[in-house]
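No lab work stands behind these numbers, since they all come straight from the coordinates. In this text the structure is predicted, and so the values were computed from the model without any measurement. Here the Cβ positions follow ideal geometry from the backbone for every residue, glycine too, while neighbour counts run over all protein chains shown.
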Amino acid sequence: MFIEPHITGVRRGWIEVICGSMFSGKTEELIRRLKRAKIANLKVEIFKPAMDTRYHDQQIVSHDENAILSTPIDNSQTILLLANGVDVIGIDEAQFFDDQLPEVCDQLAASGARVIVAGLDMDYTGKPFGQIPFLLSKADYITKLHAICVNCGNIASFSFRKSAGGGKVLLGEKDLYEPRCRQCFRDGEREKSLGH
């Protein structure tokens with residue numbers, strides 16, 4: 001469980017990364033932390049990639065339908081323009097942002113902001129996804145969440161794509177993806193390669 005750092009009178013910034021597979025509760029945890037910051041009367045801004053319209057155009061929404069208003073943006077540099085003087089910055093679906101995101105997060109933290117980033121750490125092939133590996137290396141705090149494997153009930157760290165088609169980025173939910181443990185993920189990949 002993440003314990004929020006003690007805040008002194010000095011404004012010090014840092015980067016928190018919440019990562020894991022699909023259906024692990026990343027967005028739910030991001031929303032929880034951002035709502036706590038709002039309760040503390042901190043100035044909060046929340047961003048998501050404009051391409052992600054699965055649940056709502058302007059809100060980030062968890063699979064449990066918990067939601068918070070956000071600003072959809074096309075590139076990470078926009079965050080610097082819109083987050084001036086903000087105490088806490090939330091960024092959802094960070095794996096979909098451009099390669100400037102780690103530097104943007106660095107600049108925000110250096111300016112004294114608390115930056116909370118959530119995203120998939122691996123793509124559907126089990127390889128590191130987007131800018132998350134770079135953000136993990138820069139993070140002051142890391143929370144890795146797990147889902148439950150739909151096949152065996154063990155801890156799931158992988159997002160298994162049910163179909164073989166599509167590019168690296170294929171937005172979808174339970175219709176296209178399911179959480180799987182390492183062994184069930186490998187078994188599924190083997191079955192797909194054999195055409196089952």
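Some observations on this one:
- With 10 Å bins from 0: P(r) over the range 83-172, alpha-carbon pairs, percent: 15, 42, 29, 13, 2
- You can think of it this way: the chain between PHE134 and ASN154 has 4.4 nm of extra reach, that is 0.36 nm per residue less the Cα-Cα gap.
- Counting 0.36 nm for each residue step from LEU81 to LYS38 and taking away their Cα separation leaves a gain of 13.4 nm.
- Additional length obtainable on full extension of the chain from ILE142 to LYS127, 0.36 nm per residue less Cα span: 3.5 nm
- Taking 14 Å as the cut-off, the amide N atoms of the range 131-165 that come nearer than this to a point 7 Å along the Cα-to-beta-carbon line of ARG12 belong to 140-141.
- Calculated diffusion of the range 14-145, Stokes-Einstein form, Kirkwood radius summed over Cα pairs, 10 °C and 1.306 mPa s, µm²/s: 111
- A Förster radius of 41 Å combined with the Cβ-Cβ distance from ALA110 to SER193 puts the calculated FRET efficiency at roughly 0.35.
- Cross-link check: pairs LYS35/LYS162; LYS35/LYS138; LYS26/LYS138; LYS48/LYS162; LYS48/LYS127; LYS127/LYS162 evaluated at a Cα-Cα cut-off of 27 Å; pairs beyond the cut-off: LYS35/LYS162.
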